[in-house]
Amino acid sequence: MNWKNILLLISINRKASRVMQRNSFRRYRDSKAVTYSLYGLACLIGISVGWLAGSFYNGITDQAARDSIIQSATYLFISLPTIVLLYGVVFTQMNQFRRIVKVTIQPMYWLPITWQEHTAASVLSNMLGAPLLITVFLSSAILTASIFLGLVFLSIVTVLALLTALVLASATTEIFKTTQIRLAGAITRVTGRAAIWLRLAASIMSMIVFYAVYYSIYNQATPVLLFEAVASGQNVLWFIPYVWPGMALSAFSNSLWTGTILFSLATLAFVLAVFLVATRLNMKFGFYEAPSAKISSGAYVPKVSLFERLGFSPSEVALMKKDLRAITRRHELMFIFVFPISIIVMMFFTTLRYGGSIPAGGSSLLFALITLLPGALTTPFLGSFIMGLEGENVWYLHSSPLSAENIARAKYFFVVIVDLVITLICAMVSGIIFAPSLIFAAVILIEATLLIVSLSAVSLACGFRGADYRGFFPMNRLLKPKWGLLNLVLCAVVALAIVAPVIPYFLSIASTALPIPFPLVISLPDFYVYVALVLSGVVSAFITYVFRKLVRAGAEKFRAEAEGI
Amino acid sequence: MAYSFAAKLISVSKRYSDVTAVKHIDLEVKKGEILGLLGPNGSGKSTLLKMILGLVKPDTGVINVLGVNLEADPFAVKKRVGYVPEGSYIYEFLTGLEFLDFAGDVFQMNLDEKKKRIEEFLKALDLEGREGDLISSYSEGMKQKILIISAIMHKPELLLLDEPLNSLDPKSARIVKDLLRKLASQGVATVMSTHVLEIAEAMCDRIAIMYDGQLLALGTMEDLRQRAKMPNSGLEDIFLELTGTGDVKPIVEELLR
C-alpha cells in the first residue's frame, strides 16, 4: 500500500467539508490550525475531566471507597473498547450516510490507486469528526485520571484498544456501506416503485430496533451497572470477535499474559480480516451505478387534481406534487416521516413502564403529546427545509413562469397539509390507544391545527431567507445554520404563545395523574377551555398573518434575486 | 404581441466582484433566426444567456425580450421562453414523465396538449420505455433530452440553449437540429451557445463570437470571413484568428518537450 496515496485521499475527504461551509472559493486557503483545533480542544477537555476525577479520588480518605472507585475504573477501562466499537459503528455510519450519494460514493477508480488504498482511506476518513473526537476525549481523560488512580499501564493499553476498536468499527462500516449499496441496488431493480416504500419501512424498522435496544438498556442500568454489564457480558460472549479488544484488556488487567497475547493477536488478525473483506467487496461492487427504478410503466394520463378543484393553480399543484415526491423519495428527507413515527414509538415504550395501568389524566396527557408533538415538531423542520430541498435544481424555479405568490402558496399549503395529515394519523392512533374524552380530543386537535398553521408560516419565512441550495456534495445542507437556529427559537416562542392560554386546562387534566405542585393547578370554570381556545386562535391568526406577509416577501426576494444562489 | 426583435440588448454589462463577465454588449436577435454564441471557456456566453432570461441582472444596459422590457416584467418573458442550462441539474427523484408533466403544469399547458406533446417528444427522442424510470438512473444524454423537451414542449417564442447538444447521441442530435430549424421556420428565435464549431457553421443563421466578455464579431459566415480577411476558411480558423487563440503551435511544442 502506498501511504502517500492514502493520505491524499483522506485529505480529499476532509476537504469535502469546504462545500458545507460558506467559504470563498476564489483564492481559498485551508487553515490546518482550525481543522485540527477541535481535536486539541477534545484533548484539553479530556485532560480537565481526567484531572477533576483524579483530584476527586485523591480527596477521598475512606479506603473502601477508594477501592470501590479503582474497581469501577477498571470496569470502565475494560468496557470502553466495546462501547467505543458500538458508538464507532453508529458515528462512522452517520459519516458514511453523509457521503452516500453517487457523486462521492464512486471512488476515483481510474487513477493509479489500488482498492486497498481506497478502502484504507475510506476507513480512516470515516473515523474523522465525531468518532475520533470522542475517542480523543476519552483517551486523554483516562490517561490523566490513571496517573492519580495508579492505573497508568492499564490506561495506555486501553487507549491502544480504543483506537483498534475504532478502526474495527470503521472497517465494519465500510463493509456495511458496500453491502447496503449492493442490496439497495438489487432491491430497487427488483421492486421498482415499491423500493421507495421498502426504504421508508426499513428506516422506521431500524429506528424502532434502535430505540428498543436503547430503552432496554436505559430502563435497567445506571452508568456503573452498564459498564459492569458490558465488562461481564464480554466474558460470556468471548467467541464474538468484536469483543476481543475488550477481552485482551480484561486479561491484561488480571495479569493473564497468555490471554492478553492471544486476544491481542486475534484482534489484530480480525481487524485485518475485516479490512480484507471490505477491500474485496469494494473491488467487486465498488463501481456504483444508480439502479434503474421503474416507477411507472402505464400510459400517461394527465388529470385535474383534487387541489386544483380546491382553488390551487396547476403550477402550484405541480410544485406541491413535486415536493411530496421529494420527501417520500429522497433518502435524506425521510426523517420527516420517521420522526413522528419515532415519537409514537417512544411514547408507546414509555407506557410499557406503567404495565398497562395508566391513570386517566396520564392517558389524556399521552394522547395530547402524541397528537401535538409530531406535527408541531415536524413543521419547523419541513417548513424551513422546503426551499433548500430544491438544491441545485433551483434554477428551474427561477427560469419558470412561477409568481412569488405561486411559490409562497404552494410551499406554505404543502407544509400545512403534510403536517395536518401526520397529526390526524397520530391523533387516530393515540385516540384508539388512550381513548381520551371527546372534548379533550377536540381541544388538542384544534391546538395542533393552530400550531401547524402558524409554525408553517414562521418556519417557511425562515426557510425562504435562509435556504441553502448548494449541491449534493457531501449532502444538501438545506438551511443556513444561523437561520436554522433562529427558526427553532422563533418556533418555540410562537408555539408557547399559542398554547399558553390552554396550559392551565392541560395542568388541571394532568394533575389527576401527575404530582403537579398546587400553585400550578387552579380550579377552572367549565367555560374556561372555550375562552382559551378563542385566545389561542386569535394569537395564532395574528402570528400567521404577520409571518405569511414575511413568507410572501421572502418569495418576492427569491424571485428578484435569482443570481448568486 | 408584435415585436421586431426576439431579443434586443443595449450596452449590457455584468461584473462579478473583480471579473467582468460581459462588457457593453449590443445584440439583436431576429425573429425566426438561430444565433450561435461562440467563445472560449469563461468568455461570458452563459452569463449572456442568463441575462436574456432574467436570471442574471445586468449592471448596466437594457434588455428587451419579445417586445417586453425584461426589468419591467420578467414573469411575462419567462412564460414565452424555453431555456436549457449548461449541466443537467434536474429533479432526480422524479421520473422523466413526472418531470415533463411538472414542466407542462408550470407553463400552464392544457391537459390534452400536454399529453400529446409529451408523447410525441418521448417517441421522437427515443425515450419511450424509460419515461417511467427515475431520472437518477438516466445517462447524461437522456437527462439532456428531457431538458430539451421541457424547454420546447410549451411552444416558446424564444429558445435559449446553453450547449444543448452536449451528450446527445448522433440520432437525437440530428433530430434536435432539424427541430430547431423547423421551429425557426415557424418564427421561433434561438440563441444557443456551443463549442462545436461544425454545428454552429451548419445550423446557425448568424454567429456571435465572444471573447473576454466582449462581442468580437457578429454576422453570417460570409460576414465573419470578410471580417477575419480569411476567404474560403472554415469557422474554426476564423474563430481562432478572431479570438487571437490561433497560434497553438508553440503551446503544443512546449507540452511535448
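The values are calculated or read from the model by the stated rules, or taken from the named source; none is laboratory data. What you see is a predicted model; the values in this text were computed from it and never measured. We place every Cβ from the backbone using ideal geometry, glycine too, and count neighbours over all the protein chains shown. Just the protein is used for accessible areas: all its heavy atoms, side chains included, with ligands, DNA and RNA removed. Shrake-Rupley method; radii C 1.70, N 1.55, O 1.52, S 1.80 Å.
Key figures
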| read-out | value |
| --- | --- |
| Tilt relative to chain B, helix B:96-106 - C-alpha long axis, 0 to 90 degrees, to 10 | 90 |
| Globularity index of the stretch B:91-155, i.e. its alpha-carbon radius of gyration over 2.2 N^0.38 Å | 0.99 |
| Normalised alpha carbon radius of gyration of chain B [divisor 2.2 N^0.38 Å] | 1.05 |
| Occluded residues from the stretch A:400-426, i.e. those whose accessible area drops by 50 Å² or more once the chain is not alone (1.4 Å probe) | A:Pro401 |
| Order by protection proxy (mean Cβ within 10 Å, highest first), peptides B:52-61, B:223-232 | B:52-61, B:223-232 |
| Antiparallel content of DSSP bridges confined to chain B, in %, to 5 | 55 |
| Computed label-point distance, nm, for sites A:Glu556 and A:Ala33 using a 7 Å Cα→Cβ extension | 4.6 |
| Contact order normalised by residue count of chain B, Cα under 8 Å, 6+ apart, percent | 25 |
| Label-point separation, A:Ser305 to B:Gln214 (7 Å along Cα→Cβ), nm | 5.1 |
| Segments B:155-162, B:195-202, B:104-111 sorted - mean Cβ within 10 Å per residue, highest first | B:155-162, B:104-111, B:195-202 |
| The stretch B:1-49: Cα Rg divided by the 2.2 N^0.38 Å rule of thumb | 1.30 |
| Amide H partners (placed H, <5 Å) of B:Tyr83, local residues excluded | B:Leu160 |
| Extension gain, A:Ala442 back to A:Ala194 (0.36 nm per residue minus Cα-Cα distance, nm) | 85.7 nm |
| Amide H partners (placed H, <5 Å) of B:Leu37, local residues excluded | B:Met192, B:Ser193, B:Thr194, B:Ala208 |
| Chain pair B, A: total accessible area buried, heavy atoms, 1.4 Å probe, Å² | 3800 |
| Estimated FRET transfer efficiency when R0 is 51 angstrom, pair B:Ser167-A:Ala492 (beta carbons, to 0.05) | 0.60 |
| Euclidean distance between Cα centres, the stretch B:82-160 to the stretch B:213-240, Å | 35 |
| Gyration tensor verdict on the stretch B:74-182 (Cα atoms; rounded if a/c is under 1.5, prolate if a/b is larger than b/c, oblate otherwise) | rounded |
| FRET efficiency estimate (nearest 0.05) - Cβ-Cβ, A:Val546 to B:Val62, R0 51 angstrom | 0.85 |
| The stretch B:91-155, accessible surface, carbon-and-sulfur percent (1.4 angstrom probe) | 47 |
| For the stretch A:376-392, 3J(HN,Hα) per residue [Karplus equation, 6.51 cos²θ - 1.76 cosθ + 1.60, θ = phi - 60°, Hz, x = Gly/Pro] | 5, 8, 6, 4, x, 6, 4, x, 7, 8, 5, 7, x, 5, 4, x, 6 |
| Karplus 3J(HN,Hα) series, Hz, for the stretch B:182-197 with 6.51 cos²θ - 1.76 cosθ + 1.60 (x for Gly, Pro) | 5, 5, 4, 5, 8, x, 7, 8, 10, 10, 9, 8, 7, 9, 8, 5 |
| Heavy-atom SASA rank of A:Leu450, A:Leu369 (probe 1.4 Å, accessible area, largest first) | A:Leu369, A:Leu450 |
| Mean Cβ neighbour count within 10 Å, used as a protection proxy, ranking A:120-127, B:65-72 highest first | A:120-127, B:65-72 |
| Computed E for B:Glu71/A:Asp67 - FRET, C-beta separation, R0 56 angstrom, nearest 0.05 | 0.10 |
| Accessible area of the stretch A:431-512 belonging to carbon and sulfur atoms, whole % at 1.4 Å probe | 80 |
| Separation of the B:Leu179 and A:Ala273 label points, Cα + 7 Å toward Cβ, nm | 5.8 |
| Residue-level accessible surface for B:Cys204, protein heavy atoms, 1.4 Å, Å² | 20 |
| Amide hydrogen neighbours beyond the local backbone of B:Gln214, cut-off 5 Å, H modeled | B:Lys23 |
| Note, ³J(HN,Hα) from phi for the stretch B:58-63, Karplus 6.51, -1.76, 1.60, rounded to Hz, x at Gly and Pro | x, 6, 9, x, 10, 10 |
